[in-house]
1. Cβ-Cβ under 8 Å, sequence separation 6+ or interchain: first residue in the range 82-100 and touching a residue at least 24 places away in the same chain (Cβ under 8 Å) and among the aliphatic types (A, V, I, L, M), partner part of a helix (DSSP H, G or I) and near the ligand (Cβ under 10 Å from one of its atoms). Which pairs?
2. Any idea which residue in the range 124-135 is nearest to Val146 (Cα to Cα), counting only those that are part of a helix (DSSP H, G or I), touching a residue at least 24 places away in the same chain (Cβ under 8 Å) and not hydroxyl-bearing (Ser, Thr, Tyr)?
3. Restricting the search to the range 16-69, which residues are among the aromatic types (Phe, Trp, Tyr) and without any contact (Cβ under 8 Å) to a residue 24 or more places away in the chain?
4. Exactly one of (1) under 28 Å from Val93 (Cα atoms); (2) open to solvent by 80 Å² or more (accessible area, probe 1.4 Å); (3) of a type outside the set (D, E, K, R) is unmet by Leu162. Its number?
5. Of all residues being within 15 Å of the chain's Cα centre (by Cα) and of a type in the set (Ser, Thr, Tyr) in the range 116-138, which is nearest to the ligand (Cβ to nearest atom)? Just the residue, please.
6. For Ile86, all conditions in the list (1) at pLDDT below 95; (2) of a type in the set (Val, Ile, Thr); (3) within 11 Å of the ligand (Cβ to nearest atom) hold save one; what is the number of the exception?
7. Can you tell me how many residues in the range 1-44 are among the hydroxyl-bearing types (Ser, Thr, Tyr) and either open to solvent by 30 Å² or more (accessible area, probe 1.4 Å) or over 17 Å from Lys133 (Cβ atoms) (or both)?
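The values are calculated or read from the model by the stated rules, or taken from the named source; none is laboratory data. On a predicted model such as this, the values are computed, not experimentally measured, just so you know. Don't worry about glycine lacking a Cβ; one is built from the backbone with ideal geometry, like all the others, and counts go over all protein chains shown. Just the protein is used for accessible areas: all its heavy atoms, side chains included, with ligands, DNA and RNA removed. Shrake-Rupley method; radii C 1.70, N 1.55, O 1.52, S 1.80 Å.
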Amino acid sequence: MERIAIYPGSFDPLTYGHLNIIERGRLLFDKLIVAVAHNTAKKTFFDFEERLQILREVLKDIDKVEVDGFEGLLVEYAEKKKASVILRGIRTVSDFEYEFQMALANKMLNPSLETVFMMTDARYSYLSSTLIKEIVRFGGSVSSMVPPLVEEKLKEKFRKILQEDNR
Ligand code: PNS
């Protein structure tokens, strides 16, 4: 039986920390579906289509990795995709509480679905999408934190926001 895992997230935006989990995670499964959440609890900087498009472009040549979007409950989406594992990255102890809660809630909703955690590589454990957006907003470089396309899209979007504010 094909072992399919889902790596879900907001990816707002995709960082080298996420990419590190994808690169390592895909080696553990027959297929890894990177699933962009449509309705996250958070208000996102990039809309759903933008996030999806960025992921599709950046991950297009990575073997065994598929990019998709989902709406609604993750467990239902996992069932539809015949996935048996949810993959999540953990950077620091502070991630643990949120991840623990989510894993237990998902387990309650579907006991046959396992959540597997991977520690993010130490090089990226300080990275967060929020931090990255703040650095770009104030004109800093994030080239060591995100793929070139993501940096380009971040700068483009902040430029647009600034132009609109100055109107
Ligand atoms: O990158 P994020 O924001 O930490 O990802 C969180 C995400 C999208 C994985 C989580 O919010 C999610 O699974 N949302 C889908 C709705 C759902 O199933 N919620 C219950 C999870 S316990």
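1. Close Cβ pairs (under 8 Å, with a partner that is part of a helix (DSSP H, G or I) and near the ligand (Cβ under 10 Å from one of its atoms)) amount to Ile86/Leu74; Ile86/Ala78; Ile86/Ala103; Ile86/Asn106; Ile90/Glu99.
2. Of the range 124-135, the ones part of a helix (DSSP H, G or I) are 124, 129-135.
When the remaining residues are screened for being touching a residue at least 24 places away in the same chain (Cβ under 8 Å), the result is 124, 129, 132-133.
Keeping just the survivors that are not hydroxyl-bearing (Ser, Thr, Tyr) gives 132-133.
On the way: Ile132: 8, Lys133: 11 Å.
Checking each candidate, the answer is Ile132.
3. Phe48
4. Single failed check for Leu162: (1).
5. The residue in question is Ser129.
6. (1)
7. Looking only at that region, the number is 4.
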